[in-house]
Amino acid sequence: MREIEVFHDSGLIDVSVIESFETKIGYIFPENYKYLLSKHNELYPEMDFFKFFNEIDNKNDCRDVSFLGYGSQVTEASRIERAQDHDVYGRDGIVVIGRCANGDYICFDYRDNLITNNPPVAVMFHDFFDGDDKMFICPVANNFEQFIDLLYKNDED
């Protein structure tokens, strides 16, 4: 996984805080995710855009990402605990780890393997629903390391 340049973060957090959240929700996060977020809680990376194939529109698309934070020192709106509540529109096996500026979510997708520590990364669309009236989930990367490697800086800034 390549190094991340930081635009903004909320500083260090002990990895035990992240691991406590893992225990609470019953999933194991990738080690490189826990390491990155423990160094840069509530991370806004400098290179924050990624491209993926949007299965709704059947075309290539892009989004940005900011990672949700852990603990009481982060803003209420970006606490990871709060982001897990999607009423009847979410799915079991999906853990929100970040947000896009348009309101979509960046997630770990454990649906195919509930006990993995290396889940795929997906976008969960906040305004498109599947045949089960759940938020539509679109794959982005096979794992967190591949997701980080997709990030680039938008040249339109």
If a residue must be more than 20 Å from S16 (Cα to Cα) and either surrounded by fewer than 17 Cβ atoms within 10 Å (Cβ to Cβ) or in contact with a His (Cβ under 9 Å, 6 or more places away or on another chain) (or both), how many such residues does region 77-90 contain? 6
Does any residue of region 28-43 turn out to be in a strand (DSSP E or B), buried (at least 19 other Cβ atoms within 10 Å of the Cβ) and within 17 Å of the chain's Cα centre (by Cα)? no
Would you point out the residue of region 71-119, among those that are polar (S, T, N, Q) and not in a loop (DSSP other than H, G, I, E, B), that is farthest from D132 (Cα to Cα)? S78
Yes or no: N54 closer than 15 Å to P139 by Cα and in contact with an Asp or Glu (Cβ under 6 Å, 6 or more places away or on another chain)? yes
Evaluate the following for N58: is it surrounded by fewer than 19 Cβ atoms within 10 Å (Cβ to Cβ) and either more than 18 Å from N154 (Cβ to Cβ) or of a type in the set (S, T, Y) (or both)? yes
Look at F108 and say whether it is modelled with pLDDT of 95 or more, under 17 Å from D57 (Cβ atoms) and surrounded by 15 or more Cβ atoms within 10 Å (Cβ to Cβ). no
Looking only at residues that are loosely packed, with under 15 Cβ neighbours inside 10 Å and out of contact with any Pro (no Cβ under 9 Å at 6 or more places or on another chain) in region 112-145, which one is farthest from D57 (Cα to Cα)? I115
Looking only at region 146-157, count every residue that is surrounded by fewer than 17 Cβ atoms within 10 Å (Cβ to Cβ) and either part of a loop (DSSP other than H, G, I, E, B) or among the basic types (K, R) (or both) and tell me the total. 5
How many residues are without any contact (Cβ under 8 Å) to a residue 60 or more places away in the chain and either among the aliphatic types (A, V, I, L, M) or under 18 Å from I25 (Cα atoms) (or both) when one looks only at region 73-88? 11
Tally the residues that are aromatic (F, W, Y) and under 15 Å from the mean Cα position of the chain (by Cα), restricting the search to region 105-135. 4
Give region 100-125 a look and list any residue that's touching an Asp or Glu at 6+ places or on another chain (Cβ under 9 Å) and either among the aromatic types (F, W, Y) or without any contact (Cβ under 8 Å) to a residue 40 or more places away in the chain (or both), or say none. C100, A101, N102, G103, Y110, R111, P120, V121, A122, M124, F125
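The values are calculated or read from the model by the stated rules, or taken from the named source; none is laboratory data. Computed from a predicted model, the values in this text were never measured in an experiment. Positions of Cβ are generated from backbone atoms using ideal geometry, with glycine treated the same way; all protein chains shown enter the neighbour counts.
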